[in-house]
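Have a look at the structure below before the remarks.
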Amino acid sequence: MSNATVIFDHVHLISKDPKSAASWYEEKLGGRVVNTSEVRGAPSIVVAFKGATVIIRGQRTGEEVNDKTGVEYGTDHFGLRIEGDFDGFCEDLKKNGVKFTVDPMDFTPTVRIAFIEAPDGVSIELLQRKG
């Protein structure tokens, strides 16, 4: 194997309404829109978090996009690590109307998790590593 290094770069989502989805990631999770453009005929919005990037794009002309209908093969969810008051952060999300599919819980003795529903059927794991 070569001496190349793999570094995680981004998650890429397809959205019915990219502008609305990007606003959700800003308003609910504190991301920041850092770029809005058109790429290959579709709107593309880059939302930055500390150490993570979410790219949200719309439907391209001639492209057929289907709604998610539940669990399917492929990507199941992505995770965002929360630093600081995990439970307080989750409570604030609930107050702001974010739907939790799994309430905050201790997954292991050193990891606390919760799952939320984002626009377009996206599942996000929130996690906090203890210790």
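What residues qualify as long-range amide H neighbours of LEU126, i.e. H under 5 Å apart, gap of 5 or more or another chain, H built at 1.01 Å from N?
Answer set, sorted by chain and number: LEU80, ALA114, PHE115, ILE116.
With only alpha-carbon atoms counted, please give the Rg and Dmax of the stretch 76-131, in Å.
10.8, 34
Over the Cα atoms of the chain, compute the convex hull volume and normalise it per residue, giving Å³.
168 Å³
For helix 18-29, what angle does its Cα long axis make with the longest principal axis of the chain, in degrees from 0 to 90 and rounded to 10?
For 18-29 against the chain, the angle is about 20 degrees.
To the nearest 10 degrees, how steeply does helix 86-95 sit against the main Cα axis of the chain, on a 0 to 90 scale?
60 degrees
How many percent of all Cα-Cα pairs in the stretch 6-61 sit more than 14 Å apart?
For the stretch 6-61, the share of Cα pairs beyond 14 Å comes to 49 percent.
Straight-line reach from LYS16: which lysines have a Cα under 16 Å away, not including same-chain ones fewer than 8 places off?
LYS68
What residues qualify as long-range amide H neighbours of HIS77, i.e. H under 5 Å apart, gap of 5 or more or another chain, H built at 1.01 Å from N?
Result for HIS77 returns nothing.
Using the beta-carbon distance between ALA48 and ASP87 and R0 = 35 Å, what value does 1/(1 + (r/R0)^6) give for FRET efficiency, to the nearest 0.05?
That gives a FRET efficiency of 0.90.
Laboratory data are not the source of any read-out in this text; all were calculated from the coordinates shown. Predicted model only: the values in this text are computed from it and were never measured. Every residue, glycine as well, gets a Cβ built from its backbone with ideal geometry; the counts of neighbours run over all protein chains shown.
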